[in-house]
Amino acid sequence: MLACTALTACGGAETSGPPPPSSSPTASRSASGEPAAERLVLRWRKTGGLAGIGGPGSVPEFSLYSSGRAIVAAERPDSRPPDRELTQYRLKPQALQRLLDGARAAGFDRSHTVGSDQIADAVVTVVTMGDAKTRIIEPGWPGSRESLFLKQLAPEGWPADDQSAPPEPYTPQRTAVLAGEITGDGTARPWPLGPLGDGVPAAGAICTLAPSAKVPETRPGTAWRSGGTTYSVRLRPLLPAEDSCGDLD
């Protein structure tokens, strides 16, 4: 099962939500077996707080795609530092459509804020649906339609009849390697892949892509030497519909 190390004003204009997903069983599929036109339709992540959760390059807690696939990131119990496991779920077309209809009914197809911007170091749940972004600032508004809908995105509450396959670990084909230059006289391990400095700026780091099976395990505090420079490295698995460093948010 894949684990990834956790990282440390919206307008009120109406926007349209994503178009309904195709339920055609004959939709074209890529060589990996996934729908060729799979796209993100709904996502939420937590950001902010004293610990600065959900920073650049972090993995969203929940991502839902037009194929009915959902990727959920959950913290692995007792891991130090916190690691996240990625689990893949597959919803039937009717169940996917109900969730998207519910999201629109809850107002997530228009950008807005729930709660007070005056709370310092608040944890904020950011929900994106198409071009619309909703910020729910904890504690939010108890009983709000937005908060009530988010409970429907918990996979443990999804009936088995709504799912087309059992849950399974999500294994990405490629991983984004997010490197930052560091100084110090400590021991650095040689980076076994392409030069880290040849990457592009993304997610607050220098980003390169590599096949997940070839990326070495790394932990906070591990130094890597590449091209005569020492780096710290964070790993970010690419999710569906993410093809480049520029797709990381």
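Percent of accessible area on segment 106-249 owned by carbon and sulfur, 1.4 Å probe?
The C+S portion of the solvent-accessible surface of segment 106-249 is 50 percent.
Cα gyration tensor of segment 37-188, axes a ≥ b ≥ c as square roots of the eigenvalues: rounded (a/c below 1.5), prolate (a/b > b/c) or oblate?
Oblate, because a/c is 1.5 or more while a/b does not exceed b/c.
At 1.4 Å probe size, with no ligands or nucleic acids counted, give the accessible surface of TRP44 in Å², nearest ten.
The accessible area of TRP44 comes to roughly 50 Å².
Let me make sure I get this right: for segment 120-189, a, b and c are the square roots of the gyration tensor eigenvalues over alpha carbons, sorted descending. Under 1.5 in a/c it's rounded, otherwise prolate if a/b > b/c, else oblate. Which is it?
Oblate shape, in that a/c is at least 1.5 and b/c is the bigger or equal ratio.
Given LYS133/LYS214; LYS46/LYS92; LYS92/LYS151, which pairs have Cα atoms separated by over 30 Å?
Going by Cα-Cα distance, LYS133/LYS214 fall outside the 30 Å limit.
The values are calculated or read from the model by the stated rules, or taken from the named source; none is laboratory data. Owing to the predicted nature of the structure, the values given are computational and were not obtained by experimental measurement. To get the accessible areas, we keep the full protein, side chains included, count just its heavy atoms, and leave off ligands, DNA and RNA. Shrake-Rupley method; radii C 1.70, N 1.55, O 1.52, S 1.80 Å.
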